[in-house]
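The structure appears right after this line, and notes come after that.
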Amino acid sequence: MSGSYTQYAPVLYGIGAVNELPDQVKGFGANTVLCLYDRGVAGCGIGPRVMGILKDAGITAYAFEEVEPEPPDYQIDNIYNEYKDKGIDLVIGLGGGSCMDTAKGVAWLFTFKKESIRPYLYHDSRWMWADFPLILIPTASGTGSEVSPVAVITDTSCNFKGGILVHTTLALLDPELTKTAPPFVTATSGLDAFSHAAESMTTKVTNPKSDVLCTYALSNIMKYLPIAMEEPGNMEARNALSISANFAGIAFSSASVHLGHAMAETIGAAVHQPHGLCCALTVAPCMEYVGDYTPDRIKMVADAIGVDYADIEDDGTAIGLRVGDAIRDLLRTCNIPSFADRGVTREQIMALVPDVVSNFHALKCPVPLTEEMAEKYLARICDAY
Ligand SMILES: [Fe+2]
């Protein structure tokens, strides 16, 4: 039996790396760029700063500052149709996952010169990889979208979320861009990255490369996320979180995620809560599931986050519970509210058992997910935190 691992985008990283953006743009032979971000990135000054860096270097740069969350198909189409005749030869996505996914969608339309992306969200697009020059610059350490080949875009006619595939030319990580993120964004982004690493280390399609990346990400997020919460300007912490989120993104691009994201995405869609928060609240029960069914793998997670299990060496369930408790301690340190705190009831969550089992992330669970299992771990989300 064979396995696979890969990396979809080269990475330029480091404090101040954004100042090298013009050299990178010119190095790709581009001189007219479209930079996509949202009002938050504009309002905190990062958007205008990046535009200034580009323009000061003599690059013609257009800014689109109104990127919407949960990228809607009509916005991808509108941006492409507005800018397709302006000589754009490179697209930049600057911000969180929505900004980067929107940039991926626009780059996809520039590649295939289609007026609308909606039909292709359903298309068997495995061979339709966009390769229009694209630079992705995250402003929070979380989604790993800058190195994942997929963009999730919403068909707004029926609320279906579909995916398109993109070769990203460069991922640019500058931890300085993350230090102004609000505490809730720092916490939920960091825990989203934590969940990517914890789940990628425990799927049924793990690989040696993702194991190494996940070990680094888990140990560093465990250590540095509380420091970044306490001292937002601590650049050692911001740098470690930036690399960790990126490593976790590379890991899940080949090893995938599983039960945690199956529960998080199902709950998030049903009760309209942010992705990072949902992942933060589902990762501990997910690790309890891992302990129940794959004891060797829960030990790897425990080792990475510094949980001692010498006294319960042969009891995967007990190790899983101990790992779960350590994660819940991290959540409390980061001031993560429970679903109940957010007005979501136990009844709402427990009604989602069938949807969790049929979620496509469940296909990567290390052992097949049954309704009884989904019920058990959904209940833990409500009752244990
Ligand atoms: Fe995620």
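Within the range 251-260, the set of residues being assigned to a helix (DSSP H, G or I) and open to solvent by 10 Å² or more (accessible area, probe 1.4 Å) comprises F252, S253, S254.
Remark: pairs (first residue in the range 127-155, acidic (D, E); second residue open to solvent by 30 Å² or more (accessible area, probe 1.4 Å) and away from the ligand (no atom under 16 Å from the Cβ); Cβ separation under 7 Å; 6+ apart in sequence or on different chains) = D131/T111; D131/H167; D155/R118.
Taking the range 327-368 as the range and being more than 23 Å from the chain's Cα centre (by Cα) and within 21 Å of M201 (Cβ to Cβ) as the test, the residues that pass are V367, P368.
Of everything listed in (1) among the β-branched types (V, I, T); (2) in contact with a Leu (Cβ under 7 Å, 6 or more places away or on another chain); (3) within 14 Å of the ligand (Cβ to nearest atom); (4) not in a helix (DSSP H, G or I), the single unmet condition for T188 is (4). Taking helices (runs of 4 or more DSSP H) as the structural unit, those lying wholly within the range 33-91 and holding at least 2 residues that are β-branched (V, I, T) correspond to 46-56, 73-83.
Say whether the condition of being within 16 Å of the ligand (Cβ to nearest atom), open to solvent by 10 Å² or more (accessible area, probe 1.4 Å) and acidic (D, E) is met by at least one residue in the range 261-275. Looking for residues that are within 16 Å of the ligand (Cβ to nearest atom), open to solvent by 10 Å² or more (accessible area, probe 1.4 Å) and acidic (D, E), one finds at least one in the range 261-275, hence yes. Filtered by the rule that a residue be within 16 Å of the ligand (Cβ to nearest atom) and part of a strand (DSSP E or B), the range 154-185 gives K161, G163. Criterion first (in a helix (DSSP H, G or I), within 16 Å of the ligand (Cβ to nearest atom), touching a strand residue (DSSP E or B) at 6+ places or on another chain (Cβ under 6 Å) and open to solvent by less than 10 Å² (accessible area, probe 1.4 Å)) does E146 satisfy it? Answer is yes for this residue.
Counting only helices (runs of 4 or more DSSP H) that sit wholly inside the range 304-385, those with at least 3 residues that are open to solvent by 20 Å² or more (accessible area, probe 1.4 Å) and touching a Gly at 6+ places or on another chain (Cβ under 9 Å) are 316-333.
The values are calculated or read from the model by the stated rules, or taken from the named source; none is laboratory data. This structure is a prediction, so every number in the text was calculated from the model and none was measured. Using ideal geometry, Cβ is built from the backbone for each residue, glycine included, and neighbour counts are taken over all protein chains shown. We work out accessible area using only protein heavy atoms, side chains counted, and drop any ligands, DNA or RNA first. Shrake-Rupley method; radii C 1.70, N 1.55, O 1.52, S 1.80 Å.
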